[in-house]
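Below is one structure; the comments refer to it alone.
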Amino acid sequence: ETEESLLTQFTEAPLYIIMGALGGIFGALFNNTYAFMTKSRRNFYKTFEGNKKTFVALKLTESALLSILTSTIMLTFTWKVGVCRVSDEMDEEFDPSFLRRYNCEPGQINELGTLLFGSREESIKDILTNPEEFSPTTLLTVGLMFLGLMMVTFGVALPTGMFMPSVLTGASLGGFA
């Protein structure tokens, strides 16, 4: 190896250390929030176990409120933070049906709307193959938004899943870094 490549590898080491530390912090935050939410839910619902109708009504209300919260956050962030770009700037590999115009001029697409309201599989694939096609703001917003929503919704009686949101969070934050 050349002396220059060794110097480059050495100077990049602090960046990798910082990225690893931040990943550990986010993981610890997720685990602690999950443990707190699970304990809180268990204690709250334990008081209503004798009254089946109230118990079921509260579970349904929690699910409905979290669905409304998730939709509101996703729509608001897409409207306020979403970056509009000319659709021709997107790589030819993108499926045109995947692109979303949400709140942009004709001929433009909203990056955040495309990632949030398109298919998760397509979002993950496009971020992993071409992270530079998306603005850093978009990638950071998607990563932090999904991390926060996963922390709050995990353990609720909703079919939210963990695998795809976890991969999308990691791909977004990794693409941002």
Quiz item: Out of curiosity, is Tyr16 open to solvent by 100 Å² or more (accessible area, probe 1.4 Å) and either out of contact with any His (no Cβ under 9 Å at 6 or more places or on another chain) or at pLDDT below 90 (or both)?
Solution: yes
Quiz item: Give me the pairs: first residue in region 7-34 and more than 29 Å from Met150 (Cβ to Cβ) and assigned to a helix (DSSP H, G or I), second residue at pLDDT below 80 and open to solvent by 90 Å² or more (accessible area, probe 1.4 Å), beta-carbon distance under 9 Å, and six or more apart or on different chains, which are they?
Solution: Gln9/Glu1
Practice problem: Would you be able to say whether some residue in region 129-152 is assigned to a helix (DSSP H, G or I), touching a helix residue (DSSP H, G or I) at 6+ places or on another chain (Cβ under 8 Å) and aromatic (Phe, Trp, Tyr)? | Solution: yes
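The values are calculated or read from the model by the stated rules, or taken from the named source; none is laboratory data. Predicted model, so just to flag it, every value in this text is computed and none were measured. Note that each Cβ is placed from the backbone with ideal geometry, even for glycine, and that neighbours are counted across all protein chains shown. Please note that ligands, DNA and RNA were not included when accessible areas were found on the heavy atoms of the full protein model with its side chains. Shrake-Rupley method; radii C 1.70, N 1.55, O 1.52, S 1.80 Å.
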